[in-house]
């Protein structure tokens, strides 16, 4: 079973995204901000079941989603971790910044289960 990390300061969004991913067979872990998420990645890797997919919000306290993606990509051990930004930020320059930082895809809130499924299919995570 693959492991997915949902990073959002909203408990409701974490629950919704976690539910969608659980339906697809992912084991779910969560974090409230980017700093906590980097710790979760290290902890899960040390436990022998590394995270293969992250869905991350942009606007969070302590470390935002863009900073998280930059930190994720700065560590070569995370080279294969897929990062999808799921955010209310809709400005083209923000989308470009996220993709340039290393996000694999970008989803704008509000989203539907079908949008998440389509992005995962596009990335080859599911059929």
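Read the figures in this text as sums done on the coordinates, not as results from a lab. Remember, predicted model here, so these are calculated numbers, not experimental data. Please note: Cβ atoms are built from the backbone with ideal geometry, for glycine as well, and neighbour counts cover all protein chains shown.
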Practice problem: Given the options 24, 72, 99, state which has the largest fluctuation in a GNM of the chain using a 10 Å cut-off (strictly under) for Cα springs. | Solution: 24
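Determine how many Å³ per residue the convex hull of the Cα atoms of the stretch 3-122 encloses.
Details: hull volume 11.2 nm³, N = 120.
With only Cα atoms used, the stretch 3-122 gives 93 Å³ per residue.
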Practice problem: Using a 10 angstrom cutoff on alpha carbons, build the Gaussian network for the chain and name the most mobile of 32, 44, 105. | Solution: 44
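Figure the gain on full extension for residue 127 and residue 112 (residue separation times 0.36 nm, minus the Cα-Cα span) and round it to one decimal in nm. Present the calculation step by step, with values, prior to reporting the outcome.
Working: separation 15, 0.36 × 15 = 5.40 nm, distance 1.76 nm.
Result for the pair: 3.6 nm of gain on full extension.
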Self-check item: Relative contact order of the chain, defined on C-alpha pairs under 8 angstrom at six or more residues apart (%)
Solution: 20
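Take the alpha carbon gyration tensor of the stretch 76-127, find the square roots of its eigenvalues, order them as a ≥ b ≥ c, and report rounded if a/c is under 1.5; if not, report prolate when a/b exceeds b/c, else oblate. Please list the in-between numbers first.
Numbers: a/c = 2.40, a/b = 1.03, b/c = 2.33.
Oblate shape, in that a/c is at least 1.5 and b/c is the bigger or equal ratio.
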Exercise. Could you check the simple spin-label distance between residue 79 and residue 99, using points 7 Å along Cα→Cβ, in nm with one decimal?
Key: 2.3
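222 nm [θ] for the chain, helices only, -39500 (n - 2.57) per DSSP H run of 4+, per residue, to 500? Show your work: numbers first, answer last.
On the way: 5 runs with 56 residues, N = 127.
Counting only the DSSP helices, I get -13500 deg cm²/dmol.
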Quiz item: If each residue's Cβ is checked for other Cβ atoms within 10 Å, how do 62, 89 rank with the fewest at the top?
Solution: 62, 89
Practice problem: With springs connecting C-alpha atoms under 10 Å apart, model the chain as a Gaussian network and identify which of 111, 26, 68 has the largest mean-square fluctuation. | Solution: 111
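Return the ratio Rg/(2.2 N^0.38 Å) for the stretch 42-113, where Rg is computed over Cα atoms only.
On the way: Rg = 12.4 Å, N = 72, 2.2 N^0.38 = 11.2 Å.
Expressed relative to 2.2 N^0.38 Å, the Cα Rg reads 1.11.
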Quiz prompt | Separation of alpha-carbon centers, the stretch 6-52 and the stretch 66-93, rounded to whole Å | solution = 14
